[in-house]
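Read through the structure below, which is laid out as structure tokens, and then see the notes.
The values are calculated or read from the model by the stated rules, or taken from the named source; none is laboratory data. Computed from a predicted structure; not experimentally measured. Note that each Cβ is placed from the backbone with ideal geometry, even for glycine, and that neighbours are counted across all protein chains shown. Remember, those area values only see protein heavy atoms, side chains included, never the ligands or the DNA or RNA. Shrake-Rupley method; radii C 1.70, N 1.55, O 1.52, S 1.80 Å.
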Amino acid sequence: MKTKAIIFDVDGTLADTEEAHRLSFNKTFAENHLDWNWDVALYDKLLKVTGGKERINHFVTTYVPGFQKPADYESFVKHLHLVKTAHYTAMLREGGIPLRPNIKRLITEAKQAGLKLAIATTTSLDNVVTLLQQGLGVGSEALFDVIGYGDIVQHKKPAPDIYYWVLERLGLDAAECIALEDSENGLRSSLAAGLKTFITINHYTSKQDFSGASAVLDDLSNLESFYQVAGLDFSKRTASV
């Protein structure tokens with residue numbers, strides 16, 4: 001069956017964003033007079049939990065169980081996450097987080113070939129749009145037929161909910177799509193939804209278990225090789241566009 005759509009994860013897949021997220025969390029903690037500091041080793045562990053608010057909750061429960069929670073703890077966590085998102089998007093706008101190798105070319109050539117494009121991520125819509133606009137230009141979010149993000153579904157990755165949500169709105173079966181992910185949680189999510197999935201690893205995910213992935217790559221520097229292993233042939237389609 002010919003591939004009709006590519007579904008992209010965002011953090012770690014479109015761009016190496018995790019270090020920027022970590023620094024943004026730490027800046028937020030300092031501004032809110034919290035003596036929390038997420039170093040690289042700790043953040044590596046925390047990344048096993050998807051979603052920023054969920055990550056904060058997991059940290060409090062697991063690493064600072066003696067923390068005196070405010071009366072409205074849920075609002076406290078939401079506030080921290082909003083501030084962190086503001087710091088992160090400011091970093092994006094400064095241009096310090098480029099897209100990973102050949103991501104722009106892949107998006108351009110897939111679009112020219114008539115494939116549908118979609119995003120399935122746990123990060124916020126603001127984060128997604130800002131990253132796309134910095135990497136692809138103003139209004140580039142319109143290149144994507146569907147953007148699934150943040151809290152749009154109840155259960156985040158590794159649950160398959162976000163992929164089911166995206167597939168439904170694409171109007172396609174999982175067998176007609178491929179997914180690009182960078183993490184084990186993302187892979188478990190996409191595989192559970194029935195998607196053929198390709199992994200591009202990064203510093204935080206390189207040692208994770210990618211059993212079931214169709215291929216595990218360092219990045220898309222050799223895009224022609226990726227097209228070959230993914231069964232994508234844009235030459236004829238592009239010529240007819």
Q: Starting from region 209-221, keep only residues that are under 18 Å from residue 106 (Cα atoms), then list their pairs with residues that are in a loop (DSSP other than H, G, I, E, B) and open to solvent by 30 Å² or more (accessible area, probe 1.4 Å) whose Cβ atoms are within a distance under 6 Å, requiring at least 6 positions of separation or different chains.
A: 219/101; 220/101; 220/102; 221/101
Q: Report those helices (runs of 4 or more DSSP H) wholly inside region 1-84 carrying at least 2 residues which are aliphatic (A, V, I, L, M), touching a strand residue (DSSP E or B) at 6+ places or on another chain (Cβ under 7 Å) and more than 20 Å from residue 188 (Cα to Cα).
A: none
Q.
Checking the conditions here, which among 127, 102 is at pLDDT below 95 and either within 23 Å of residue 166 (Cβ to Cβ) or of a type in the set (A, V, I, L, M) (or both)?
A. 127
Q. Is there any pair with a first residue in region 165-176 that is within 10 Å of residue 1 (Cβ to Cβ) and a second that is modelled with pLDDT of 95 or more and assigned to a helix (DSSP H, G or I) whose Cβ atoms are under 8 Å apart and which are 6 or more apart or on different chains, and what are they?
A. 173/167
Q. Could you give every pair whose Cβ atoms fall below 6 Å, whose first residue belongs to region 1-12 and is open to solvent by 10 Å² or more (accessible area, probe 1.4 Å), and whose second residue is hydrophobic (A, V, I, L, M, F, W, C) and at pLDDT 95 or above, counting only separations of at least 6 or pairs across chains?
A. 1/175; 3/178; 4/172
**Q.** Subset of region 113-146 (residues that are under 22 Å from residue 85 (Cα atoms), part of a loop (DSSP other than H, G, I, E, B) and open to solvent by 50 Å² or more (accessible area, probe 1.4 Å))
**A.** 138
Q | Candidate set: region 192-203, residues that are farther than 22 Å from residue 106 by Cα and hydrophobic (A, V, I, L, M, F, W, C); chosen: the one least open to solvent (accessible area, probe 1.4 Å) | A | 193
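Results for (1) in contact with an Asp or Glu (Cβ under 7 Å, 6 or more places away or on another chain); (2) at pLDDT 95 or above; (3) open to solvent by less than 60 Å² (accessible area, probe 1.4 Å), shown as yes or no for each residue.
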site: 44; (1), (2), (3): no, no, yes
site: 48; (1), (2), (3): no, no, no
site: 55; (1), (2), (3): no, yes, yes
site: 61; (1), (2), (3): no, yes, no
site: 67; (1), (2), (3): no, yes, yes
site: 78; (1), (2), (3): no, yes, no
site: 93; (1), (2), (3): no, no, no
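With in contact (Cβ under 8 Å) with a residue 24 or more places away in the chain and more than 30 Å from residue 26 (Cα to Cα) as the only criterion, which of 111, 156, 84 stands out?
111
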Q: Run residue 162 past the list (1) touching a residue at least 60 places away in the same chain (Cβ under 8 Å); (2) part of a helix (DSSP H, G or I) and report the number of the one that doesn't hold.
A: (1)
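Among the listed residues 189, 206, identify the single one that is surrounded by fewer than 19 Cβ atoms within 10 Å (Cβ to Cβ) and either under 17 Å from the mean Cα position of the chain (by Cα) or modelled with pLDDT under 95 (or both).
Numbers: 189 fails: surrounded by fewer than 19 Cβ atoms within 10 Å (Cβ to Cβ).
Of 189, 206, the one residue that is surrounded by fewer than 19 Cβ atoms within 10 Å (Cβ to Cβ) and either under 17 Å from the mean Cα position of the chain (by Cα) or modelled with pLDDT under 95 (or both) is 206.
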Q. If you scan region 95-112, which residues turn out to be of a type in the set (S, T, N, Q) and either open to solvent by less than 30 Å² (accessible area, probe 1.4 Å) or in a helix (DSSP H, G or I) (or both)?
A. 108, 112
